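Colleague: Quick one: structure below, then a few questions.
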Amino acid sequence: MFVVIITAIKQSYEDWLRHRTDKYTNNRMIPVLKGNILVKIKSQDIHCGDIVKAEINQEIPCDMVVLSTDDAEGKCHVTTANLDGETNLKVSFLVLSD
């Protein structure tokens, strides 16, 4: 019984910490293109089809497709440590056609 109570308290505390982190992440302001203007909206308000401007070393709170990069070779380095725990950078290439 003692072990079950301690485990329940531990799980409740971890859930509360996760809730705090999610609230912070969902309320961060992210630049999104609306018409011809960049508007900062809460990350929880990003919808499918929105064009998000990502800066260097910025965490993006959603799945994305890279449309453009300022790298001459079209490279984009991405880390997915917060999703899968892997800390190595993954290189994504943007296919450039003339």
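The values are calculated or read from the model by the stated rules, or taken from the named source; none is laboratory data. Quick caveat: nothing in here was measured; it's all calculated off a predicted structure. With ideal geometry, Cβ positions are generated from the backbone for all residues, glycine too; neighbour counts draw on all protein chains shown.
Colleague: With respect to ILE5, is the statement that it is surrounded by fewer than 10 Cβ atoms within 10 Å (Cβ to Cβ) and farther than 20 Å from LEU67 by Cα true?
Modeller: Yes, satisfied.
Colleague: I want to confirm something. Restricting to the range 24-37 and keeping residues that are touching a Pro at 6+ places or on another chain (Cβ under 8 Å) and in a helix (DSSP H, G or I), which single residue is modelled with the highest pLDDT?
Modeller: The extreme case among them is ASN26.
Colleague: Within the range 39-68, which residues are among the polar types (S, T, N, Q) and not in a loop (DSSP other than H, G, I, E, B)?
Modeller: Scanning the range 39-68 gives SER43, GLN44.
Colleague: If you scan the range 1-28, which residues turn out to be out of contact with any helix residue (DSSP H, G or I) (no Cβ under 9 Å at 6 or more places or on another chain), closer than 30 Å to GLU55 by Cβ and of a type in the set (S, T, N, Q)?
Modeller: Listed by number, the list holds a single entry, THR21.
Colleague: With the requirement that a residue be within 14 Å of the chain's Cα centre (by Cα), among the small types (Gly, Ala, Ser) and at pLDDT 70 or above, what does the range 47-98 give you?
Modeller: If the condition is that a residue be within 14 Å of the chain's Cα centre (by Cα), among the small types (Gly, Ala, Ser) and at pLDDT 70 or above, then ALA54 is the only one that fits.
Colleague: Separate question: Of (1) part of a helix (DSSP H, G or I); (2) modelled with pLDDT of 90 or more, THR21 satisfies all except one. Which?
Modeller: All conditions are met except number (2).
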